[in-house]
1. Exactly one condition in (1) open to solvent by 20 Å² or more (accessible area, probe 1.4 Å); (2) farther than 25 Å from Tyr36 by Cβ; (3) without any contact (Cβ under 8 Å) to a residue 40 or more places away in the chain is not met by Ser238; state its number.
2. Which count do you get for residues in the stretch 178-190 that are open to solvent by less than 10 Å² (accessible area, probe 1.4 Å) and either in contact (Cβ under 8 Å) with a residue 40 or more places away in the chain or among the polar types (S, T, N, Q) (or both)?
3. For the stretch 134-157, which positions are under 17 Å from the mean Cα position of the chain (by Cα), more than 16 Å from Thr171 (Cα to Cα) and in contact (Cβ under 8 Å) with a residue 40 or more places away in the chain?
4. Across the stretch 162-183, what is the number of residues that are under 19 Å from Gln206 (Cα atoms) and part of a loop (DSSP other than H, G, I, E, B)?
5. For the stretch 191-216, name all the residues that are more than 18 Å from Thr264 (Cα to Cα), among the charged types (D, E, K, R) and either open to solvent by less than 50 Å² (accessible area, probe 1.4 Å) or in a loop (DSSP other than H, G, I, E, B) (or both).
6. Hey, could you check the stretch 121-160 for residues that are among the small types (Gly, Ala, Ser) and at positive phi and say which is least open to solvent (accessible area, probe 1.4 Å)?
7. Tell me which residues, restricted to the stretch 45-61, are part of a strand (DSSP E or B) and without any contact (Cβ under 8 Å) to a residue 24 or more places away in the chain.
8. Going by the conditions given, is Phe174 free of Cβ contacts under 8 Å to residues at least 40 places away in the same chain and either farther than 23 Å from Leu26 by Cβ or among the aromatic types (Phe, Trp, Tyr) (or both)?
Amino acid sequence: MPAAVPRLLSEPSAVWPAGAVLGEGLCWSPGRQALYWVDILGHRLHRYTPASGRRESWQFDDTISAVAERAHAPGLLVTLRRGFACFDPDADGGRGALQLLHQPDTEPEHNRFNDGKCDARGRFWGGTMDFGTVRPTGSLYRFDPDGRCTRVLDARFPVTNGPTWSLDGRTLYFNDTVHRRIHAFDFDPDSGQLANPRLWLEFAPQDGHPDGMTTDAAGRLWIAHWGAACVTCHDAQSGEELLRVPLPTDHVSNVTFGGPQLSTLYVTTARFELGASQLAAQPLAGALFAVETDARGRPAHRYAG
């Protein structure tokens, strides 16, 4: 049976017109009722609290690209340019405290970490990419709660994005952004192993490039379109597009659900690679957007280390 078609209950609203160079890394905190997100190339972590409208930011010395809350300790697991770290934004009087954890020694100097998130067992999955978005040197890593780091997919992608999982946790979806392809893998929840790679969906050129994505409580996939000014919702089995959410700027980079009912769709965007005339026509490029929906998201899995 095809998935039900979700509905939008509001137009997209720019809740934080931050002018991010490259907005990304969305993670909703149910405990805080707040949204974490990052500006990768601006080297900043942001936290937005919708109930109060509070906006907080922390500056880093290098790129920060993905965020997951920790299950058994304060703060966050984050990916920096070269690897994994813990960051507690509330330590040291709110100035934050950073602890480096691991840097894979297989990564070339021109690479950086990009998108990532945790699976249901609390393992963090993070992809790397060529900083210039050209060389096929990006890989996918699994960072286990005991600190072991495994390169699960060898270097072959110029830009990696995702992953997200099916509702039953037995399929992992992963984006080869430059080539407009979304791949599916059989996923073993116990071992964290991947098998049976296949092409799940390929974007047409006019649809831009698949960037960040999330799975809702009905099992549908929501995908940000870099270069096509939209988010789309898809049936997880057929890949059929069920809904398109237009945004007022071209470079749409990531998407997640948040809010008290997990029904608010949050979307990051970017100013990166937009020329002067495009920026003049798209004054909200780099903003964080919110859209009310009749869909429900799922709580983000936390890092178990």
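1. That leaves (3) as the condition not met.
2. 1
3. Scanning the stretch 134-157 gives a single hit, Phe143.
4. Residues that pass the stated criteria total 4.
5. Filtering the stretch 191-216 down to residues more than 18 Å from Thr264 (Cα to Cα) leaves 191-211.
From what is left, the residues that are among the charged types (D, E, K, R) are 198, 202, 207, 211.
Selection gives Asp207, Asp211.
6. Gly122
7. Thr49, Arg54, Ser57, Gln59
8. No.
The values are calculated or read from the model by the stated rules, or taken from the named source; none is laboratory data. Owing to the predicted nature of the structure, the values given are computational and were not obtained by experimental measurement. With ideal geometry, Cβ positions are generated from the backbone for all residues, glycine too; neighbour counts draw on all protein chains shown. We work out accessible area using only protein heavy atoms, side chains counted, and drop any ligands, DNA or RNA first. Shrake-Rupley method; radii C 1.70, N 1.55, O 1.52, S 1.80 Å.
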